[in-house]
Amino acid sequence: LRIDFRDSSQTIKKGEMIVVPKGVEHKPYAAEEVQVMLIEPAGLVNTGEAGGGLTAPNDDWI
């Protein structure tokens with residue numbers, strides 16, 4: 001998995017973790033299917049203010 005930021009990119013390998021600070025623009029990319037565990041605050045909308053058909057249902061509590 002690669003995450004592109006405005007001025008850099010970071011490759012995350014199996015078993016690694018990254019924290020993207022609030023407000024930092026980022027775009028994940030994977031050449032093939034990957035599995036991720038995404039942890040976000042309750043109530044956060046995954047598409048920001050854009051909304052639309054790509055907005056995921058909220059909130060699964062674990």
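Looking only at segment 41-62, how many residues end up being closer than 22 Å to Ser8 by Cβ and modelled with pLDDT of 70 or more?
Just the residues of segment 41-62 that are closer than 22 Å to Ser8 by Cβ, to begin with: 48.
With the extra rule that they be modelled with pLDDT of 70 or more, the set shrinks to none.
Counting residues in segment 41-62 that are closer than 22 Å to Ser8 by Cβ and modelled with pLDDT of 70 or more gives 0.
Quick one: is Val34 over 12 Å from the mean Cα position of the chain (by Cα), modelled with pLDDT of 80 or more, in a loop (DSSP other than H, G, I, E, B) and not charged (D, E, K, R)?
Numbers: over 12 Å from the mean Cα position of the chain (by Cα): yes; modelled with pLDDT of 80 or more: yes; in a loop (DSSP other than H, G, I, E, B): yes; not charged (D, E, K, R): yes.
Yes, satisfied.
If Val24 passes every condition in (1) out of contact with any strand residue (DSSP E or B) (no Cβ under 9 Å at 6 or more places or on another chain); (2) modelled with pLDDT of 80 or more; (3) of a type in the set (A, V, I, L, M, F, W, C) but one, which one does it miss?
For Val24, the failing item is (1).
Take segment 1-15 and flag every residue that is modelled with pLDDT of 95 or more and either assigned to a strand (DSSP E or B) or surrounded by fewer than 12 Cβ atoms within 10 Å (Cβ to Cβ) (or both).
Passing the criteria: Arg2, Ile3, Asp4, Phe5, Arg6, Asp7, Ser8, Ser9, Gln10, Thr11.
The values are calculated or read from the model by the stated rules, or taken from the named source; none is laboratory data. None of the values given here were measured: they were computed from a predicted structure. Backbone-built Cβ (ideal geometry, glycine too); neighbour counts: all protein chains shown.
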